[in-house]
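The values are calculated or read from the model by the stated rules, or taken from the named source; none is laboratory data. Note that the coordinates shown come from a computational prediction; the quantities given were computed from them, not determined experimentally. Positions of Cβ are backbone-derived with ideal geometry, glycine not excepted, and every protein chain shown enters the neighbour counts. These accessible areas exclude ligands, DNA and RNA; they are computed on the full protein's heavy atoms, side chains included. Shrake-Rupley method; radii C 1.70, N 1.55, O 1.52, S 1.80 Å.
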Amino acid sequence: RLRNRALVRDTTLADWLPSVDGEPVVECEDVAVPDDEEIALGTTTVLAFDPAAPTSGTSTAVATDSDTSYFSTDRFYLATGGSDWGWDDCFDCRRLAFPQSSGTTPIFAFALDGMDATYVASGSVEGAIADRWSMDAVGDSLRVAVGPSSETGNFNSVITLREEGADLVEAGRLDDLGIDEQIKSVRWFDELAIVVTFRQTDPLYAIDLRDPAAPRLV
């Protein structure tokens, strides 16, 4: 660990930027840095270019390793798990790293305008987001289907979020979907979510989303 720390101290910020052929693809000032110390290490860069002129484009980034991305017409969302690995401290310091997770999923929002993507807000949800199909945006509402984690009970949920300044805040939620079961499929409509879970049978849930602050099982 001492050697690794020394290697890190000897780097510059430019060493941490994603690059192509030795040239950074994003500038330092275009990288958003989360203040969550438990977030997964890495850098996720969003590149935009015109197919008619692919040698020029725009870029922005967030300093985290992202597992899931979702585009709406005017927003781009990145979702990421907690740190995948940590140190198991002990007296002899010979144990290998072990998996760990914070139980929450951070989400980052970028505004889309033509070829420009601008970081606008971030937040988190308790639970695990399986894939991009578990996210959907309509109007000012981001809707997310999450599975269980260490921060929830052994159930699934549908959560709605809204932007308040630079924060993504929870607007409403519906819990206890498919207790002891796993989400297998989600389909979103303007005012309705269809969630299928599985253990030995395939329950199907219809959720009314007309009021984002009060999702309702119908």
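Given 0.36 nm per residue, what is the gain on full extension from LEU2 to ASP35 after removing their alpha carbon distance, in nm?
Between LEU2 and ASP35, full extension yields an extra 9.4 nm.
Quick one: go through the range 157-174 and flag any residue whose amide nitrogen is under 20 Å from the point 7 Å out along the Cα-to-Cβ line of ASP202.
Counting backbone N atoms under 20 Å from the label point, the list is 157.
Taking the Cα centre of the chain as origin, work out the dipole magnitude from +1 charges on Lys and Arg Cβ and -1 charges on Asp and Glu Cβ, in debye rounded to 20.
640
Going by Cα centres, the range 1-23 and the range 123-162 are how many Å apart?
Centre-to-centre (Cα) distance: 34 Å.
What does the helix-only formula give at 222 nm for the chain: each DSSP H stretch with n ≥ 4 adding -39500 (n - 2.57), the total divided by the residues, and the result rounded to the nearest 500 deg cm²/dmol?
So the calculated ellipticity at 222 nm is -1000 deg cm²/dmol.
Kindly identify the chain as rounded, prolate or oblate by the Cα gyration tensor criterion: order the square roots of the eigenvalues as a ≥ b ≥ c, call it rounded if a/c is under 1.5, otherwise compare a/b with b/c, prolate if a/b is larger, else oblate. Could the numbers behind the result be given before it?
Numbers: a/c = 2.36, a/b = 1.27, b/c = 1.86.
Oblate, since a/c reaches 1.5 and b/c is not below a/b.
Arrange the peptides 108-114, 35-41 so that the one whose residues have, on average, the most other Cβ atoms within 10 Å appears first.
Those peptides, ordered most packed to least, come out 108-114, 35-41.
Given charges of +1 on the Cβ of Lys and Arg and -1 on the Cβ of Asp and Glu, with all other atoms neutral, how large is the dipole of the range 1-59 about its Cα centre, in debye to the nearest 20?
Taking the Cα centre of the range 1-59 as origin, the dipole is about 420 debye.
What is the chain's relative contact order, in percent, from Cα pairs under 8 angstrom and six or more apart in sequence?
11
When the chain is fully extended, how far beyond the present Cα-Cα distance does LYS184 get from ASP211, taking 0.36 nm per residue of separation?
Using 0.36 nm per residue and subtracting the Cα-Cα distance, I get 7.2 nm.
Grab the Cα-Cα distance for ASP65 and GLU170, subtract it from 0.36 nm times how many residues apart they are, and report the gain in nm with one decimal.
Length gained between ASP65 and GLU170: 35.5 nm.
I need the shape label for the range 139-218. Rule: rounded when a/c is under 1.5, else prolate if a/b > b/c, else oblate, with a, b, c from the alpha carbon gyration tensor.
Verdict is oblate for the range 139-218.
In square angstrom, rounded to the nearest 10, how much accessible surface does LEU7 have for a 1.4 Å probe?
My reading of the accessible area for LEU7 is about 90 Å².
Using alpha-carbon positions, what is the distance between the centroids of the range 32-56 and the range 65-79, in Å?
Each part reduced to its Cα centre gives a spacing of 11 Å.
Taking the Cβ of VAL8 as the centre, find all other residues whose Cβ is under 13 Å away and add up their charges (Lys, Arg: +1; Asp, Glu: -1).
+2
At a probe size of 1.4 Å, how large is the accessible area of ARG1, to the nearest 10 Å²?
About 110 Å², ignoring ligands and nucleic acids.
Comparing ALA193, ALA145, ALA53, which has the greatest mean-square fluctuation in the GNM of the chain with Cα pairs linked when under 10 Å apart?
The residue with the greatest mean-square fluctuation here is ALA53.
Suppose R0 equals 35 Å; then what is the FRET efficiency for CYS28 and ARG132 from their Cβ-Cβ distance, rounded to the nearest 0.05?
After rounding to 0.05, the efficiency reads 0.80.
Which residue fluctuates most in the GNM of the chain (Cα springs below 10 Å): VAL138, VAL169, VAL20?
Checking each option, the largest mean-square fluctuation is seen for VAL20.
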